[in-house]
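Beneath this line is the structure, given in C-alpha cells, with notes to follow.
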Amino acid sequence: MAIDPTLRDALSAVTTASIGRALERAGLRDFAPANLGKRSGTTIVGPAHTLRLVPARGEGIGDLATAIESVPEGAVVVIDAAGTGRPLPFGAIIAGRLSSRGAAGLVTDASLSEEIGLPVWASQGGALGGLSLAGSWQPVACGGAAVHPGDIVVCGPDGVVVIPPDMAEQVALEAVEQQRLDLWLQREAEKGVSLYGLLPPDSSARARFEAETGSA
C-alpha cells in the first residue's frame, strides 16, 4: 500500500501529539504504542507491515527470514513481542536487512541492544528469554496499541501514532490546524497573555486566532 505523497508530507510536518489529539476527537483509543525508547530524531511515515512474536518455549525462532524478506519498500515494520521487552532475535541482522530492503523504520515492544542505522522505536528491555515468530500480516498489539496491516504509522521524536487508512486524510487536515493553533497559543503565552481563556482556548481566543491567521 503506497501513501499519497501529499498526505505523507502533511503527516510528516506535524507532531505526533497533534495527530493524537485529532484521533482522540474522532473517538479512537489505543493508537499510540507506549514505553518505547531509542527514538529517532527523524519523522517517518509508512504503512504498517506487522509481525507477531511470542515467548519461545524451546522451539526455534520460526521462519523470520521469510517474514523479513516479504517486507515491502517504504513500510514501517511493527513487531508485537507480547509486551515482553525480550531481545529481538538477531536484531542487528534483521534491522540491517530491513534497511537494505528500503523499510522506513521499525517499531517494536521487543528490545534491541545494538545501535543500528534503521530508525527504531523499541522497548528499553524486560525479561530475558527468546522469541519465536507466530504470525505476520495480521492485527497485532504493540506497546498496548492496536495495529492493523496497512495502517499508517507516524513515528517522530515525541512518539508513535497509528492511523486507520480511511481516516488519514481528515486526521492530517485536523492535525495541521491543531498545530497551527498550538503555535499561536504558545506565542500568545510568550507575549504575556494570561492562560485563562487560552487553556483550553475559549471562543474569544479562537476568534482572535482565526482573525490573525485567516483560519476558518
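The values are calculated or read from the model by the stated rules, or taken from the named source; none is laboratory data. Source: prediction; values computed, not measured. All Cβ positions, even for glycine, are placed from backbone atoms using ideal geometry, and neighbour counts span all protein chains on display.
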- Condition check for Ala82: assigned to a strand (DSSP E or B) and either outside the structural domain of Val45 (by TED's automatic domain parsing) or more than 14 Å from the chain's Cα centre (by Cα) (or both): no
- Message: Being closer than 30 Å to Gly58 by Cα and among the hydrophobic types (A, V, I, L, M, F, W, C) narrows it down to one residue among Ala145, Ala175; which is it?
- Response: Ala145
- Message: Please determine whether any residue of the stretch 89-106 is over 30 Å from Ala172 (Cα atoms) and charged (D, E, K, R).
- Response: yes
- Message: Out of the residues in the stretch 117-137 meeting the condition of being buried (at least 18 other Cβ atoms within 10 Å of the Cβ) and under 22 Å from Val161 (Cα atoms), tell me which one is farthest from the chain's Cα centre (by Cα).
- Response: Ser136
- Message: in contact with a helix residue (DSSP H, G or I) (Cβ under 6 Å, 6 or more places away or on another chain) and either outside any loop (DSSP other than H, G, I, E, B) or in the same structural domain as Ala122 (by TED's automatic domain parsing) (or both): is that true of Leu98 in this structure?
- Response: no
